[in-house]
1. Pairs, please: C-beta under 9 Å, at least 6 apart or cross-chain, first residue farther than 14 Å from M34 by Cβ and in the range 65-76, second assigned to a helix (DSSP H, G or I) and hydroxyl-bearing (S, T, Y)?
2. Across the range 85-107, what is the number of residues that are within 15 Å of the chain's Cα centre (by Cα) and within 16 Å of S25 (Cα to Cα)?
3. Quick check on this structure: which one of V48, V12 is at pLDDT 95 or above and either among the polar types (S, T, N, Q) or within 12 Å of S96 (Cα to Cα) (or both)?
4. So, A63, is that one part of a strand (DSSP E or B) and either at pLDDT 95 or above or open to solvent by less than 10 Å² (accessible area, probe 1.4 Å) (or both) or not?
5. State whether one or more residues within the range 70-79 are among the small types (G, A, S), farther than 16 Å from P14 by Cβ and in contact with a strand residue (DSSP E or B) (Cβ under 7 Å, 6 or more places away or on another chain).
6. Would you call S96 touching a Leu at 6+ places or on another chain (Cβ under 8 Å), modelled with pLDDT of 95 or more and of a type in the set (G, A, S)?
7. Within the range 13-49, work out how many residues are touching a residue at least 40 places away in the same chain (Cβ under 8 Å) and either under 23 Å from Q3 (Cα atoms) or open to solvent by less than 50 Å² (accessible area, probe 1.4 Å) (or both).
8. Of all the residues that make up the range 89-115, how many are under 13 Å from G9 (Cα atoms) and either aromatic (F, W, Y) or not in a loop (DSSP other than H, G, I, E, B) (or both)?
Amino acid sequence: QVQLVESGGGLVQPGGSLRLSCAASGSIFRLYAMGWYRQAPGKQRELVARITSSGITNYADSAKGRFTISRDNAKNTVYLEMNSLEPEDTAAYYCSANFRGEGYWGQGTQVTVSS
């Protein structure tokens with residue numbers, strides 16, 4: 001069982017930045033594929049960005065050029081750096097881990113972009 005704990009969400013003005021963190025349990029974090037997803041009210045959960053165990057990243061079109069996913073295997077943590085935030089980025093952001101076909105989710109952290 002992998003436990004994921006997100007942090008770093010909050011209220012930010014349009015154009016601002018936030019960094020989300022996701023701390024994972026377990027001794028084989030380096031083998032997990034990690035991802036960030038988001039879900040806005042009334043919408044389906046969608047992929048924002050993901051990073052493989054070898055560090056390969058990919059992003060949703062809406063995140064390209066603004067968001068950066070990274071991981072620190074020594075700290076069992078994955079990050080999502082978000083810049084140039086827009087009101088449309090308002091959502092609950094969830095961290096995910098995948099290992100050998102087993103998926104895990106964190107409890108989510110709320111990001112609200114508003115003036």
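The values are calculated or read from the model by the stated rules, or taken from the named source; none is laboratory data. Everything numeric in this text was worked out from a predicted model, so none of it was measured. No Cβ is skipped: glycine too gets one built from the backbone with ideal geometry, and neighbour counts run over all protein chains shown. All accessible areas refer to the heavy atoms of the entire protein, side chains included, with ligands and DNA or RNA removed. Shrake-Rupley method; radii C 1.70, N 1.55, O 1.52, S 1.80 Å.
1. Listed by first residue and then by second, the contacts come to nothing, as the list is empty.
2. If we filter the range 85-107 for residues that are within 15 Å of the chain's Cα centre (by Cα), which is where we start, we get 85, 89-98, 103-107.
This time we only want the ones that are within 16 Å of S25 (Cα to Cα), so: 94-98, 103-107.
Counting residues in the range 85-107 that are within 15 Å of the chain's Cα centre (by Cα) and within 16 Å of S25 (Cα to Cα) gives 10.
3. Working: V12 fails: either among the polar types (S, T, N, Q) or within 12 Å of S96 (Cα to Cα) (or both).
Residue meeting the stated conditions: V48.
4. Details: part of a strand (DSSP E or B): no; either at pLDDT 95 or above or open to solvent by less than 10 Å² (accessible area, probe 1.4 Å) (or both): yes.
So A63 does not fit the description; no.
5. Our first condition is that a residue be among the small types (G, A, S); within the range 70-79, this holds for 70, 74.
Now drop any that are not farther than 16 Å from P14 by Cβ, which leaves 70, 74.
After this cut, where a residue has to be in contact with a strand residue (DSSP E or B) (Cβ under 7 Å, 6 or more places away or on another chain) as well, the list is 70.
Yes, the conditions are met somewhere in the range 70-79.
6. Taking the combined requirement at face value, the residue satisfies it.
7. 25
8. 11
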